């Protein structure tokens with residue numbers, strides 16, 4: 001089965017839409033195997049049961065089209081905004097919410113931000129949907145701190161998009177490609193939503209990281225549980241932990257869990273998530289993961305039995321890998337969203353005394369070239 005996108009010639013986001021899905025999976029596995037260079041043969045890619053409308057988070061840039069306020073995605077390798085109201089990979093809830101919020105905003109004559117001139121107000125809109133809770137968060141990102149007629153605007157969004165459970169105003173005055181700025185306030189609702197994964201409920205504030213494909217996330221976490229091979233009483237270190245999803249998912253298999261995350265808002269969410277789920281053996285530290293591991297290695301105390309890491313696309317730093325190996329965990333479970341940096345870091349860990357026993361790819365992003373992987377390593 002192949003699919004045709006009405007925006008394929010203009011958007012460029014879903015480069016594999018015209019490729020049979022089974023072929024996509026095999027092509028991704030072959031590309032991963034080539035990157036790994038024979039060090040370990042990757043398993044078959046775990047497929048998605050629903051390869052369309054899987055994205056539970058939508059980011060769109062505001063623009064004017066035919067004199068009307070609208071929003072869309074950036075075309076590949078550009079900042080040209082393309083409207084994609086019938087996108088095949090965004091969730092239908094996200095698309096419906098975007099349309100409803102845009103209709104509400106059009107009554108307020110707010111100008112989109114012009115990044116070349118540095119003028120205008122509305123930069124981005126982010127929509128996050130709790131696929132398993134029904135909660136929806138809409139975030140309006142502006143270039144200045146004042147949102148004119150904020151109360152009236154919030155009332156209009158409530159009326160036009162009644163499924164939105166919280167509306168947030170985020171301020172990003174910097175000339176940057178980052179969507180969100182550091183200042184947020186709720187215009188209505190609690191300022192966060194919840195998602196359920198594997199029987200646990202997770203709180204998500206603006207900017208907090210969670211995988212965007214809820215169905216595949218549960219598969220991914222179950223693979224992490226199997227590959228981490230936790231034993232009763234083990235000390236688990238969850239590095240780059242975000243809102244604590246992986247560490248809390250594994251907490252029942254471990255004696256203790258320590259999550260490390262630099263994003264302060266994510267750490268607050270992680271602590272709330274532990275309390276909300278009644279998990280008492282997990283603690284979360286706001287710190288740079290590399291520096292935290294280096295301090296732990298220098299202290300000479302007992303290190304973790306198992307390390308799980310889920311770093312950004314740039315992968316782990318060499319300093320992180322050196323410190324992780326110095327702590328001598330029995331096993332390391334590496335969750336990667338970038339096979340290229342995964343291959344680089346697996347080679348570095350091999351030199352540091354860790355052998356990769358398996359790499360399990362998971363198709364978190366059907367119709368695109370991206371691939372998530374779980375690599376299991378054991379101390380030699």
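The numbers here are math on the coordinates, done by the rules we state, and not lab data. Just so we're clear, the structure is a prediction, and the values are computed from it rather than from any experiment. FYI the Cβ positions are ideal-geometry reconstructions off the backbone, even for glycines, and counts take in every protein chain you see.
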Rounded to the nearest 0.05, what FRET efficiency do residue 1 and residue 201 give with R0 = 41 Å and r taken as the Cβ-Cβ distance? Could you check?
0.75
Using R₀ = 25 Å, calculate the FRET efficiency as 1/(1 + (r/R₀)^6) where r is the Cβ-Cβ separation of residue 302 and residue 232; round to 0.05.
0.95
Contact order normalised by residue count of segment 57-191, Cα under 8 Å, 6+ apart, percent:
20
Residue-averaged [θ]222 nm for the chain, counting only DSSP H segments that reach four residues, each worth -39500 (n - 2.57)
-9000 deg cm²/dmol
What list do you get for 234, 310, 276 if you sort them by fewest beta carbons within 10 Å?
276, 234, 310
With springs connecting C-alpha atoms under 10 Å apart, model the chain as a Gaussian network and identify which of 53, 77, 370 has the largest mean-square fluctuation.
77
Separation of segment 328-374 and segment 67-139 by C-alpha centroid, Å?
33
The residues 279, 89, sorted from fewest to most surrounding Cβ atoms within 10 Å, come out as 279, 89
Choice from 357, 331, 256 with maximal GNM fluctuation in the chain (Cα, 10 Å cutoff)
357
Shape of segment 57-191 from its Cα gyration tensor (a ≥ b ≥ c, root eigenvalues): rounded if a/c is under 1.5, otherwise prolate when a/b > b/c, or oblate?
rounded
Expressed as a rounded percentage, what relative contact order does segment 251-380 have, with Cα pairs under 8 Å and six or more residues apart?
20
With a point put 7 Å past each Cα toward its Cβ, work out how far residue 280 is from residue 50 in nm, to one decimal.
3.7
Order of 210, 1, 178 under a 10 Å beta carbon neighbour criterion, fewest first
1, 178, 210
Remind me, relative contact order of the chain in percent, using alpha carbon pairs under 8 angstrom and six or more residues apart?
15
Hey, in the GNM for the chain with a 10 angstrom Cα cutoff, which one of 318, 24, 211 fluctuates hardest?
318
So for segment 174-303, using the alpha carbon gyration tensor with a ≥ b ≥ c as root eigenvalues (a/c under 1.5 gives rounded; past that, a/b versus b/c decides prolate or oblate), I'd call it oblate
